[in-house]
Each structure stands twice: as structure tokens, then as C-alpha cells.
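Here is the structure we will look at, set down as C-alpha cells.
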Amino acid sequence: MTSWLLSLAFLLTLLPLTIVGQSAPTSPPAQASSDDAELKYVVYLSRHGVRSPTGKSVQYNQYSTAPWPAWGVPPGYLTPHGFHLMELFGAYDRMQLANEGLVRAKGCDDAASITVYTDSDQRTRETGKALAQGLFPGCSISVRFLPEGTNDPLFHPVPANAGSLDPALAIAAIAGRIGGNPANLTLAYRTQIDSLDNLLATCGTVASPQPQKRTSLFDIPATLSPGTGDHLAELKGPINIASTLSENLLLEYTQGMDASSVGWGCVDGSRLRSLMDLHTAATDFTQRTSTIAKMQASNLLAHIRTALEQAVTQTSIPGSPGKPVDHALFLIGHDTNLENVAGLLNLTWIADGRRDDTPPGSALVFELWRKRATGNYFVRTYFTTQTLEQMRTSAPLTLADPPERVPVFIPSCSSEDFSCAWPAFSTTIHHAVDQRNVVSK
């Protein structure tokens, strides 16, 4: 055989290996087993459970030919269904913590080692109570919160006027991401907005003998201006309204409404996941923009770091939201809090088929571990959420049938197994936080 034929034969023997090597899917990095380290403390930053829309139906009816469904609770309230879902999540958290040896599987002995701190409004207070009831049924867990109507600077730094806030800088930060013109967002997401607008125009008309006149989403002027309430800057226009309406559809679905009431019978789980991209896009600009996130999340993230440091040192630190003897701290706030923290630390995830979504009951989880051999501490971060179908059907959560839970990588801190050594984690938080926006509790 000639030399060139020998070379060709050799290359052909390598080719299948090369193809396999290129096409084989890569596995996620291995994590240290519980034999190598022990879980010592967990901080959960959670959104409240399923609520009713925050506005009245008349506010949304102008955009649809059929009226939006009625809810049995006032606007923005946690529903009984939402309460039950958070009970299920609390029961699962107890199973998981017990499985790691952090608490006992049953009984009230560990109830005193759990702190639940919530925002002051009804949906967060009731979520905290539901989680506590699921964690330790029949036990006494104090759920702490400020008086109703009080703007807690942990969860509402803007209306609480906590620290150094600059609306003009927030507007510039958003403008710099959208080409200086809010109408660019309408162009960028025209296909998705058109899909929702068509749904609003055509669905539910059979059930409405006299379809109401409607305003198309594309008829709404796109503007960028100083914000109100929790927003330093306000993006108004098609993308903002589409974000609100798509989340209202999410609430209908996760509330377990009859299929004919979810998007007037036009929205199933698959279509809902697609429409939720509108909500994710809008919040990406208004809440995850780094300059805004630094102003709005510095206080909250600084207190999360303090709680973890207190667990490392086993020494009481003034202003910490938890106790040195705690095994876990549950902070119950809003989707904006999750998005702000994610924006500040440049965190991203995909869970239940959706990118960077923060559905009801979802949480960022910071686990503090200690290596058995050295005694050194490290942190692992996760995002967890019930799937849309688990929420819709009130599916029990077990270790065999758990909620979605995905690892989250912290840039400049996490290693290949997603662990972040405590000194590096502490330094990362210190550098990310603007101390001018940190206020003591």
C-alpha cells in the first residue's frame, strides 16, 4: 500500500472518534458530595406565591375584546391556591434540609432555628406564613415583617428612599442599552408583541356577544421617563404593557383556572412559555440593568452577606436579618428583588424552559457549606421554582418529584463545581454592593 493510502487509512480511523468527541453532549461539572462537606446554613430569597393581578380588570380590559376573568381576592393579594402552593414548597424545603442533616425530618425542635422575614404587604406576609406552616406544621414559627403600608428598605429601597438613588442615571443606563429610543424595543420584539396582540384581539370573542372596543398594543406610545413607586425609571409602551398582560396570563394558568379562562381558552403551557419572553425582556431592561440593580439591590445583598457571615463566625452581627443559631433564613419579597440581585451579580439561569424568569414562589438559594477535612466554608447558589404544571395542579413536591432546581454561576467567584470559597464570595459581594445604598435594619 502506498504511503498516501496508509495516511488516508489512519485518518479514517480517527474520524469517528473526532465526530463523537465533537457531538457528545457535555455534562455539568461534578459537585462535591455530602461526604466531603456538610451543609451549615441556607438563605432563601423568595418571591411571594400566586397572587391576583395588581390592577383592576378595567385597567386590562381596554386591551382585549373580551373581559379578563374575575378573581376572588382584592388586587395583588395572595390567593388561597397560592397559599397552598407555598405550603407545599415549605414542606419540600423541610425534606431537603432534613435530607442534608440540617434539621430533623419531623417535630418542632428545630423551629426556633428558622427565621422567616417578609415584606409588609399581604401577599408576602401570607407567603411567609404558608412556608412556615409547610416547614413546621403545627409548630410556632414567628414570621417577622414591618407594619402593613411601611416601605421596608430591604424590599422597597426606592419608595423608602434608602441610600443614594439617582433616577436620571437610571434613565441613562436604560437608554444606553436600547439605542437611546424606547421605540427600538417595539421593533426588536415586534413578533412576540404581535402574537400577544393577536390573542387579545381574537380570543374570547365567541363568549362575548358584544366584543368591546380595544386599544392595540402597538397604539401605545413608547416612552422612557422617571419612575414611580418601586421604579427608578419607567419604560412605558407596548413592551411594558405586554409584560404585565403576559404575566396576568401566567397567574391565570398557575392559579389553576379552568382552561377556558386562561387566555380565553387560547393559552396552554407551551404558548404561555413563549409569551413570558415579553415579561423577561421588559424586566431585563428595567430591573437587571447593572446601574439600576446596584442602587436597588445593594441593601438587600449586603444583608444576605451579613446573615451568611454570621453563620460562618457564629457571632451576632448587628443588623443581620437572622440569628447566629439559625439553620435557615427565608426572605420573602418580590420578583423585582430577585431580578435586582441577579442584575447586580450578573446571574442568569434557565428553569422550566424559560430564561431568567422569576415566577411566583421562585427563589435564589445561597447554601453555606463547610468542608469536613479543612473546616473551610464555601457557598453554592441555586435557582428553584415549581414548574408551571406543578403550580397549576398543586402537585405535591417530594425528593423523588422535586421542583426545578438549577445551579447558578457567580462570575469572578464560582469555580468549576459552582462552589464559591467564602472569602471570594464575601469579596465579590463587597465589590458589587454600593455602601451608600446600605442602611441598617
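One table, with the values for the structure above:
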{"quantity": "Odd one out for residue 179 among (1) more than 30 Å from residue 319 (Cα to Cα); (2) within 25 Å of the chain's Cα centre (by Cα)", "calculated": "(2)"}
{"quantity": "Among residues of region 388-430, those that are of a type in the set (Asp, Glu) and surrounded by 15 or more Cβ atoms within 10 Å (Cβ to Cβ), counted", "calculated": "1"}
{"quantity": "Test for residue 328: is it among the aliphatic types (A, V, I, L, M), touching a helix residue (DSSP H, G or I) at 6+ places or on another chain (Cβ under 8 Å) and open to solvent by 10 Å² or more (accessible area, probe 1.4 Å)", "calculated": "no"}
{"quantity": "Residues that are under 19 Å from residue 360 (Cβ atoms) and either open to solvent by 30 Å² or more (accessible area, probe 1.4 Å) or in contact with a Cys (Cβ under 6 Å, 6 or more places away or on another chain) (or both), drawn from region 47-56", "calculated": "54"}
{"quantity": "Enumeration of residues in region 336-367 that are in contact with a helix residue (DSSP H, G or I) (Cβ under 8 Å, 6 or more places away or on another chain) and in a strand (DSSP E or B)", "calculated": "354, 355, 363, 364, 366"}
{"quantity": "Check on residue 59, at pLDDT below 95, of a type outside the set (Val, Ile, Thr), more than 22 Å from the chain's Cα centre (by Cα) and open to solvent by 80 Å² or more (accessible area, probe 1.4 Å)", "calculated": "yes"}
{"quantity": "Some residue of region 104-113 being crowded, with 19+ Cβ neighbours inside 10 Å and either more than 21 Å from the chain's Cα centre (by Cα) or not in a helix (DSSP H, G or I) (or both)", "calculated": "yes"}
{"quantity": "Residues of region 178-188 classified as out of contact with any helix residue (DSSP H, G or I) (no Cβ under 6 Å at 6 or more places or on another chain) and in a loop (DSSP other than H, G, I, E, B), total", "calculated": "4"}
{"quantity": "Subset of region 370-412 [out of contact with any Asp or Glu (no Cβ under 7 Å at 6 or more places or on another chain), farther than 22 Å from residue 89 by Cβ and at pLDDT 95 or above]", "calculated": "373, 374, 375, 376, 377, 378, 409, 410, 411"}
{"quantity": "Residue satisfying all of: in region 118-156; among the hydroxyl-bearing types (Ser, Thr, Tyr) and in a loop (DSSP other than H, G, I, E, B); modelled with the highest pLDDT among these", "calculated": "120"}
{"quantity": "Among residues of region 151-210, those that are touching a Lys or Arg at 6+ places or on another chain (Cβ under 8 Å) and of a type in the set (Phe, Trp, Tyr), counted", "calculated": "0"}
{"quantity": "Residue in region 80-94 that is over 20 Å from residue 365 (Cα atoms) and either under 18 Å from the mean Cα position of the chain (by Cα) or buried (at least 21 other Cβ atoms within 10 Å of the Cβ) (or both) present", "calculated": "yes"}
{"quantity": "Single residue of 370, 380 found to be among the basic types (Lys, Arg), more than 25 Å from residue 159 (Cα to Cα), under 21 Å from the mean Cα position of the chain (by Cα) and not in a loop (DSSP other than H, G, I, E, B)", "calculated": "380"}
{"quantity": "Single condition residue 122 does not satisfy, out of (1) under 21 Å from the mean Cα position of the chain (by Cα); (2) open to solvent by less than 10 Å² (accessible area, probe 1.4 Å); (3) not β-branched (Val, Ile, Thr)", "calculated": "(2)"}
{"quantity": "Close pairs (6 angstrom Cβ cut-off, 6 or more residues apart or separate chains): closer than 13 Å to residue 41 by Cβ and without any contact (Cβ under 8 Å) to a residue 40 or more places away in the chain in region 99-110, open to solvent by 70 Å² or more (accessible area, probe 1.4 Å) and assigned to a loop (DSSP other than H, G, I, E, B) anywhere", "calculated": "none"}
{"quantity": "Whichever residue in region 202-237 is within 14 Å of residue 264 (Cβ to Cβ), touching a Ser or Thr at 6+ places or on another chain (Cβ under 7 Å) and open to solvent by 30 Å² or more (accessible area, probe 1.4 Å) and, among such residues, is modelled with the lowest pLDDT", "calculated": "211"}
{"quantity": "Selection from region 337-387 of residues that are β-branched (Val, Ile, Thr), out of contact with any Gly (no Cβ under 8 Å at 6 or more places or on another chain) and either over 20 Å from residue 51 (Cα atoms) or crowded, with 24+ Cβ neighbours inside 10 Å (or both)", "calculated": "341, 348, 350, 358, 365, 374, 379, 381"}
{"quantity": "Odd one out for residue 159 among (1) at pLDDT 95 or above; (2) in a loop (DSSP other than H, G, I, E, B); (3) within 26 Å of the chain's Cα centre (by Cα)", "calculated": "(1)"}
{"quantity": "Residue 44 assigned to a loop (DSSP other than H, G, I, E, B), open to solvent by less than 50 Å² (accessible area, probe 1.4 Å), modelled with pLDDT of 95 or more and out of contact with any Pro (no Cβ under 7 Å at 6 or more places or on another chain)", "calculated": "no"}
{"quantity": "Filter result for the condition that a residue is under 17 Å from residue 145 (Cα atoms), open to solvent by 10 Å² or more (accessible area, probe 1.4 Å), touching a helix residue (DSSP H, G or I) at 6+ places or on another chain (Cβ under 7 Å) and in contact (Cβ under 8 Å) with a residue 60 or more places away in the chain, over 333, 319", "calculated": "319"}
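Rundown of residues vs (1) closer than 22 Å to residue 327 by Cα; (2) loosely packed, with under 14 Cβ neighbours inside 10 Å, yes/no style:
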residue: 115; (1), (2): yes, no
residue: 127; (1), (2): yes, no
residue: 138; (1), (2): yes, yes
residue: 162; (1), (2): no, no
residue: 180; (1), (2): no, yes
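The values are calculated or read from the model by the stated rules, or taken from the named source; none is laboratory data. Only a predicted model underlies this, so the values are computations on that prediction, with no experimental measurement involved. Reconstructed Cβ throughout: ideal geometry from the backbone, glycine too, with neighbour counts over all protein chains shown. When the accessible area is computed, the model is the full protein with side chains, heavy atoms only, and any ligands, DNA or RNA have been set aside. Shrake-Rupley method; radii C 1.70, N 1.55, O 1.52, S 1.80 Å.
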